[in-house]
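Remarks on the structure that follows.
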Amino acid sequence: MSLRRARPPHPGRTRRGLRTTALAVTAVAALTASQAPGLTGEAKDAHAAPAADEEHRPATDAPHAPYVEPAPPGDGSYHTELPPLTSQAGTASPAVVRGLRSQSGIPATVLRAYRAAETSVGRTDPGCRLPWQLLAAIGKVESGHAGGGAVTQDGTTVRRITGPALDGRGFALIRDTEGGAHDGDRVYDRAVGPMQFLPSTWSRWGADGNGDGRADPNNVFDAALAAGHYLCAGDRDLGRGADLDGAVLSYNHSRPYLELVRYWLGFYSRGVHPVPDGTGMVPRSPGAGGDTPAAEPADGADGGGAGGDGGGIIVGPDPTPPDSPEPSPSA
């Protein structure tokens, strides 16, 4: 299995302010009258302010080259729950307060994995400014934090978490690429693990996040670290709104998906607390990690039929190697 070599720190990143962003999840009409916590007022990104060490970064006027990747096919399966909503007046009912408390609880081992990935990427690529809250937002949308934290002490999921078979029936058509080693399907590929990597993607971006000598997409430490490296690909600085949006869209090329991740990012940036493993909120909407399998793409897109290309709907990072001057990763 080939692993991506971590990029060295890039000291010449541009220091720029983050543009304000107003986002609305189109599937929920109630958002016209209420907003998710952390996105009230001008709906500024929670990471608009420079990082604590930003004053020590040398300012530069050098252009910041965007990182662009082609959009491969994928399964289009993700959970559509929103964070608890509050009124624009800032008042919250007891039910909303209970919802805030329950939804801000992240299973302890999963939360440790997100934070460990942030720390690791922060050492190898500090200029990316990867926030663990972004990994948490993606982990929530992709698998409900591994199905409510159903993981062992080392972070491996108790049961295999897979997306729908990519058989071209409503979803993309991707035939098996790894003999079912990760997803248990020897006919078609499926997105796998708490961060829902496609097997072909994992073969390039897989990482060992818990130090056991192997890269396992079903382990939340490994998957979170791999997702962190992927989101920081190229020369991205996730403290910039455009780079953050591009990173999320490269994970799943879907505008509603981006807006949903942005809402959870804002929610988690206002505070979280750990809960015992296995006691986290299990998603109600169809998708990996929940009780209801996904029968169609969350965006309602047509996968193109048996011979279709998935309509560009993707979930899980791009399996295509990035177009960069970096040397090919070593095994």
Mind listing the phi-derived Karplus ³J(HN,Hα) values for the stretch 224-232, rounded to whole Hz, using 6.51, -1.76 and 1.60 with θ = phi - 60°, and x for any glycine or proline?
5, 5, 4, 5, x, 4, 5, 5, 8
Given charges of +1 on the Cβ of Lys and Arg and -1 on the Cβ of Asp and Glu, with all other atoms neutral, how large is the dipole of the stretch 255-305 about its Cα centre, in debye to the nearest 20?
280 debye
Report the full-extension gain for the segment Asp212 to Ser93: residue separation times 0.36 nm, less the Cα-Cα distance, to one decimal in nm.
38.2 nm
Ordered by residue, what ³J(HN,Hα) values in Hz, to whole numbers, does the stretch 135-145 give under the Karplus form 6.51 cos²θ - 1.76 cosθ + 1.60, where θ = phi - 60° and Gly and Pro are x?
4, 5, 5, 5, x, 5, 6, 6, 9, x, 6
Listed by chain and number, the residues whose amide H is under 5 Å from that of Val151, excluding neighbours fewer than 5 places away on the same chain and using placed H, are Val158, Gly278
Non-local amide H neighbours of Asp185 (under 5 Å, H modeled in plane, Pro and chain starts lacking H): which ones?
Gly180
How would the stretch 156-252 be classified by its alpha-carbon gyration tensor: rounded, prolate or oblate, with rounded meaning a/c under 1.5 and the a/b versus b/c comparison settling the rest?
oblate
Out of residues 5 or more away from Leu173 or on other chains, whose amide H comes under 5 Å of its own, with H placed 1.01 Å from N in the peptide plane?
Gly168, Gly310
Using the beta-carbon distance between Thr292 and Ala242 and R0 = 41 Å, what value does 1/(1 + (r/R0)^6) give for FRET efficiency, to the nearest 0.05?
0.70
Cβ-Cβ cut-off under 10 Å around Gly209, Lys and Arg +1, Asp and Glu -1: the net charge is -4
Evaluate the distance, in nm, between pseudo-label points positioned 7 Å from the Cα of Asp154 and of Arg255 along their respective Cα→Cβ axes.
4.5 nm
What list of ³J(HN,Hα) couplings, whole Hz, do you get for the stretch 191-201 from phi and the Karplus terms 6.51, -1.76, 1.60, once you set θ to phi - 60° and write x for glycine and proline?
5, 9, x, x, 9, 6, 7, 6, x, 5, 6
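Throughout, read-outs are computed from the coordinates displayed, never taken from laboratory work. Computed from a predicted model, the values in this text were never measured in an experiment. Cβ: placed from backbone, ideal geometry, glycine included. Neighbour counts: every protein chain shown.
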